[in-house]
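The structure appears below as structure tokens.
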Amino acid sequence: MIVEAAQAFAVPWPGPHEAALAFVRDPARTLAHVRFLRGLQAGAGEVRGELVVPLPGLGNVDLPFSSALQLTPAGADLCPQPVAHERAWVEVAGQAQVQGAEVQFAFQFRAHLQTPDAQGWGGAAFEKMVRAAAGRTLERVARELPAALAQAAADDLAAGAAPPARP
């Protein structure tokens, strides 16, 4: 089963352009306030972690992800990488671009979930319930991103943004 969600938004950045570039090129800083991520590791051109998704009958499910971080002249891109040997995982893609006095973000999530075979009425109903719950959760995750990234940006600006990362 595959469930998808996406979110595009802009966060104001009243600081220097170079500081905004450094912020978006450092996922540990950018994603610092995203509460539905666990075990975030960023470095060496890769971002890894787990997206925590509550599913009915299954409890909290940790969906691992791995994305390549590619620096661009205007910011950075996340490109999903396969996660081997997992029954459930999520592709996380994203783009961040510094445009004037704001940072524009676009994220795409594609969850891969394996459920028990939907044999008969009960199995089909269970699969439908899991699909709906996973869809709602991914949509909630996408809706919460703007506030979390805006808080991280505000904290970064307040702390005096670090020098820009070199591509």
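The values are calculated or read from the model by the stated rules, or taken from the named source; none is laboratory data. Given the structure is predicted, the values throughout are model-derived calculations rather than measurements. These area figures cover heavy atoms from the full protein model, side chains too; ligands, DNA and RNA do not enter into them. Shrake-Rupley method; radii C 1.70, N 1.55, O 1.52, S 1.80 Å.
Annotations
- ³J(HN,Hα) computed for each position of the stretch 23-34 - Karplus, 6.51 cos²θ - 1.76 cosθ + 1.60, integer Hz, glycine/proline x: 4, 6, 8, 10, x, 4, 6, 4, 9, 4, 9, 7
- Between amide H atoms placed 1.01 Å from N, distances below 5 Å from residue 81 occur with 66, 67, 68, 92, all of them 5 or more places distant or on a separate chain.
- With helices as the sole contributors, the chain gives -10000 deg cm²/dmol at 222 nm; each DSSP H run of n ≥ 4 counts as -39500 (n - 2.57), and the sum is divided by every residue.
- Sequentially through the stretch 95-112, phi angles give Karplus couplings (6.51, -1.76, 1.60; θ = phi - 60°) of 9, 10, 9, 8, 10, x, 9, 8, 10, 9, 10, 9, 10, 10, 10, 9, 8, 10 Hz, Gly and Pro residues having no value and appearing as x.
- Overall form of the stretch 51-98 per C-alpha gyration tensor (a/c, 1.5; a/b vs b/c): oblate
- With protein chains left intact and a 1.4 Å probe, residues in the chain average 52 Å² of accessible area per residue.
- Carbon/sulfur fraction of accessible area - the chain, other protein chains in place, 1.4 Å, %: 54
- Largest-first ellipsoid semi-axes for the chain, taking √(5λ) over the Cα gyration tensor eigenvalues, angstrom: 33, 15, 12
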